[in-house]
Amino acid sequence: MNNPDNLDVQKQLEQEITEDPPRVLEKRGKTKGGMINKHAKLQNLAQQEDKDLELTSIWNFGTREKGFGSHVFHGNCIPQVVRQCVLRYSKEGDVILDSMSGSGTTLDICKELERKCLAFDINPVRPDIRKADSSCLPLSNNRVSLIFIHLPYWNMVRYSEEKEDLSNMSLDRFYAKLHAIFAEQKRVLKPGSHICVLIGDKIKEGKSIPLTFETYNIMKNYFTYKDYAVKITKNATSVVNKGRVVLAELAWNNLLKPSHDVLLVFQKD
Ligand SMILES: C[S@@+](CC[C@H](N)C(=O)[O-])C[C@H]1O[C@@H](n2cnc3c(N)ncnc32)[C@H](O)[C@@H]1O
């Protein structure tokens with residue numbers, strides 16, 4: 001893989017496990033017998049590289065790949081993020097759920113990667129997305145092998161007039177609704193499987209609202225924390241257009257301009 005960050009990780013790992021294999025492996029609580037471990041780990045790393053998986057926690061994909069979901073859907077997510085999650089946490093033929101499908105980016109990535117996608121949204125915009133509230137899904141228990149959800153950043157984009165639309169409620173109700181939604185995702189997710197949630201923060205009236213941290217705090221009531229990645233965001237068109245006006249407002253409040261989203265990964269026990 002060409003990503004220089006991935007090459008750094010490989011070099012570091014190779015160095016660690018060749019320098020003094022038994023001591024390093026023991027320190028990490030792994031079995032002794034460095035050679036077997038070394039080859040298994042390097043083989044696994046090579047498999048990840050073959051699949052073009054990101055190996056570090058900073059994801060900077062640049063422009064949005066075309067042909068997945070819609071780039072004109074306000075609040076769409078970049079397909080490269082979904083692809084990383086699907087490749088890393090599922091295998092061909094698995095059933096994957098996106099219960100807030102928006103323009104259908106997850107559906108299209110699943111087609112490419114030969115997974116079956118169950119797609120829902122409270123306000124479906126495509127015939128292959130079914131209408132449902134994410135907190136009440138028409139699915140049996142333990143049905144799916146991976147969940148990918150790109151949450152509304154509270155009311156940053158107003159998606160619909162639906163009462164149960166997360167973008168259409170007070171902040172307190174938004175957090176309460178997230179509890180109901182994650183309880184439901186837990187019900188339909190197979191034990192041992194992963195849930196990936198993409199979320200970013202929001203600035204409102206000169207204050208930063210930490211939606212990311214709050215989502216983490218809510219999710220840990222239902223799942224076991226596994227990992228996270230920081231996804232660098234390109235400037236949203238609205239921010240580019242307003243340019244220095246936005247920066248001046250942030251400077252006035254001594255705030256940084258949010259320039260990343262966070263992908264939270266949890267697992268069902
Ligand atoms: C950030 S967008 C998802 C974008 C999508 N990943 C894409 O690439 O197009 C969030 C979606 O959540 C949906 N939504 C909001 N509240 C919901 C709820 N309670 N149940 C299901 N979907 C909901 C909105 O209609 C919107 O389509």
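Read-outs throughout are calculated quantities, based only on the coordinates presented, and are distinct from any laboratory measurement. A quick note: this is a predicted structure, and the numbers were derived from the prediction, not measured. Quick reminder, even Gly has a Cβ in these numbers, built from the backbone with ideal geometry, and neighbours come from all protein chains shown.
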*Sticking with the crude label model, points 7 Å out along Cα→Cβ, report the distance from A176 to V157 in nm, one decimal please.*
2.7 nm
*Using a cut-off of 12 Å between alpha-carbon atoms, which aspartates and glutamates can reach K177, once sequence neighbours fewer than 8 places away in the same chain are excluded?*
D133, E164, D165
_Please list, ordered by chain and number, the residues whose modelled amide H lies under 5 Å from the amide H of H260; skip anything fewer than 5 residues away on the same chain._
T233
_Residue-span extension gain [D52 to S208] - 0.36 nm each, minus C-alpha spacing_ = 52.7 nm
*L42 to E112: FRET efficiency via 1/(1 + (r/R0)^6), r the Cβ-Cβ distance, R0 41 Å, to the nearest 0.05?*
0.90
*Relative packing of 183-190, 102-109, 139-146, which averages over residues the other C-beta atoms within 10 Å, highest first*: 102-109, 183-190, 139-146
_Phi to ³J(HN,Hα) by Karplus 6.51 cos²θ - 1.76 cosθ + 1.60 over the stretch 79-89, Hz, x for Gly, Pro_ = x, 4, 5, 4, 4, 4, 5, 5, 5, 6, 10
*To the nearest 0.05, how large is the calculated FRET efficiency for T224 and V245 if R₀ is 41 Å and r is the Cβ-Cβ distance?*
0.45
*Rounded, prolate or oblate: which fits the stretch 58-267 when a ≥ b ≥ c are the square roots of the eigenvalues of the alpha-carbon gyration tensor, with rounded for a/c under 1.5 and prolate only if a/b beats b/c?*
prolate
